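**Q** Take a look at the following structure, please.
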Amino acid sequence: MTAPLLEIRDLKKDFPVRGGLLGRSVRAVKAVDGVGFTLRRGETLGLVGESGCGKSTVGKLILRLMEPTGGTIRLDGRDMTAARGAVLRDFRRQVQMVFQDPYASLNPRMRAGAIVAETIQNYETLPRAVLRERVAALLGKVGLRPDAMEKFPFEFSGGQRQRLGIARALALSPSVIVADEPVSALDVSVQAQVINLLMDLQRDLGVAYLFISHDLGVVEHIAHRVAVMYLGRIVEIGETAAIFSAPRHPYTQALISAAPVSDPRLRRLRLYLEGDVPSPLDPPQGCAFHTRCPFAFDRCRREVPVLGPRATGQAAACHLPDPQAVAA
């Protein structure tokens, strides 16, 4: 088995909560609490979970847009957790991002050609004609015509804006792209076009994706592996087929059972969750999911479960050996 391209170990991010007259830190919100996974070349890892579970924060930590409280970030075996200067600059050339909002992530005062060219100019000095040719090639690669270089972002549709964002991310030939909800702001038909574009680019360029989303249908289509987050932690991770056919954590079972089915003649057995997601300011003792889990027992309230292997190949953080059998 090849060595991982990107390796995340025990990644943590705490946000201080300040109070009192002096504004001192009185407690902390554990937005990301010990997340770990690997990503190989040409692979897509889907990171899913409810809003507020910390998945977007994980993406920002990997890109070093936020400084982690703890843990390690390795790219090609090199520790980038505390990288500075030229090392961090080179790291950001290798790891790029596609943002969720194609409206807010593009400078409205810059033409499309300048938006893509700016990324290249930050790292290379090229003659104007060569730069223009490269930008035109990048736009063509994402399905935009060369004359799109002269347009401003407001002249594009939502799907075209996201294609422009993808072209910008590809400008430096990165090895990893963090895609943070890249199709959630688009119409369903346009979502399919952008997803197929990402898959075609991966096949042609060998780029790896960390694909952050709450849309399980999209994740099942594009991802090779899936990691499920709940309250700052990964509760299940494994091959996409195994996760969707035989989920081994009650939270994963509930997520999949709530997803719509394309065939109206089919029905899923629903696993309903009671109550709301606990506050990250005051997480429950033991398993963070036990307050909503229909299968919780005494051990769940006392002991934090460890992410361990299951017979079907994935790893799950659950004290029950087979929650799916209990659900059945």
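The values are calculated or read from the model by the stated rules, or taken from the named source; none is laboratory data. From a predicted model like this one, the values you see are computed outputs, not experimental measurements. Neighbour counts run over all protein chains shown; Cβ positions are idealised from the backbone, glycine included.
**Q** Within segment 164-188, work out how many residues are within 17 Å of Ile222 (Cα to Cα) and crowded, with 19+ Cβ neighbours inside 10 Å.
**A** Our first condition is that a residue be within 17 Å of Ile222 (Cα to Cα); within segment 164-188, this holds for 166, 176-184, 186, 188.
The next check asks that each one be crowded, with 19+ Cβ neighbours inside 10 Å; those that pass are 166, 176-183, 186.
Count: 10.
**Q** Looking at segment 154-193 only, could you name the residues that are under 20 Å from Ala114 (Cβ atoms), in a helix (DSSP H, G or I) and not polar (S, T, N, Q)?
**A** Phe154, Glu155, Arg161, Arg163, Leu164, Gly165, Ile166, Ala167, Arg168, Ala169, Leu170
**Q** Val304 - would you say it is of a type in the set (A, V, I, L, M) and either under 25 Å from Gly34 (Cβ atoms) or at pLDDT 85 or above (or both)? Write out each step before concluding.
**A** Numbers: of a type in the set (A, V, I, L, M): yes; either under 25 Å from Gly34 (Cβ atoms) or at pLDDT 85 or above (or both): yes.
In short, yes.
**Q** Residues in segment 239-252: is at least one in contact with a Ser or Thr (Cβ under 9 Å, 6 or more places away or on another chain), within 20 Å of Val35 (Cα to Cα), of a type in the set (A, V, I, L, M) and buried (at least 17 other Cβ atoms within 10 Å of the Cβ)?
**A** yes
**Q** Now for a different question. Could you tell me which of the residues Gly217, Gly238 is outside any loop (DSSP other than H, G, I, E, B), closer than 24 Å to Ser157 by Cα and of a type outside the set (S, T, N, Q)? Walk me through it before giving the result.
**A** Values: Gly238 fails: closer than 24 Å to Ser157 by Cα.
Only one candidate passes the filter, namely Gly217.
**Q** Taking Lys151 and the conditions (1) within 20 Å of Leu45 (Cβ to Cβ); (2) out of contact with any strand residue (DSSP E or B) (no Cβ under 7 Å at 6 or more places or on another chain); (3) at pLDDT 95 or above, which numbered condition does it fall short on, given that it satisfies the others?
**A** (1)
**Q** Further question: Checking the condition over 18 Å from the mean Cα position of the chain (by Cα), in contact (Cβ under 8 Å) with a residue 24 or more places away in the chain and within 20 Å of Val95 (Cα to Cα), which residue from Ala167, Ala208, Ala223, Ala179 passes?
**A** Exactly one residue qualifies, and that residue is Ala167.
**Q** Tally time: how many residues in segment 137-157 are under 17 Å from Arg109 (Cα atoms) and surrounded by 16 or more Cβ atoms within 10 Å (Cβ to Cβ)? Please lay out each step first, then the result.
**A** Residues of segment 137-157 that are under 17 Å from Arg109 (Cα atoms), as a first pass: 148-157.
Still in the list and also surrounded by 16 or more Cβ atoms within 10 Å (Cβ to Cβ): 148-149, 151, 153, 156.
Residues meeting the conditions: 5.
**Q** I would also like to ask the following. Confirm whether Arg292 is farther than 30 Å from Asn196 by Cα, among the basic types (Lys, Arg), at pLDDT below 95 and not in a helix (DSSP H, G or I).
**A** Numbers: farther than 30 Å from Asn196 by Cα: yes; among the basic types (Lys, Arg): yes; at pLDDT below 95: yes; not in a helix (DSSP H, G or I): yes.
Judged against the criteria, Arg292 is a match.
**Q** Looking only at segment 4-41, filter to residues that are among the small types (Gly, Ala, Ser) and in contact with a strand residue (DSSP E or B) (Cβ under 9 Å, 6 or more places away or on another chain); which one of those is nearest to Gly77 (Cα to Cα)? Please lay out each step first, then the result.
**A** Step one: list which residues in segment 4-41 are among the small types (Gly, Ala, Ser), which gives 19-20, 23, 25, 28, 31, 34, 36.
Going one step further and asking which of them are in contact with a strand residue (DSSP E or B) (Cβ under 9 Å, 6 or more places away or on another chain), we end up with 19-20, 25, 28, 31, 34, 36.
Details: Gly19: 41, Gly20: 44, Ser25: 35, Ala28: 31, Ala31: 26, Gly34: 19, Gly36: 15 Å.
Per the stated criteria, the residue is Gly36.
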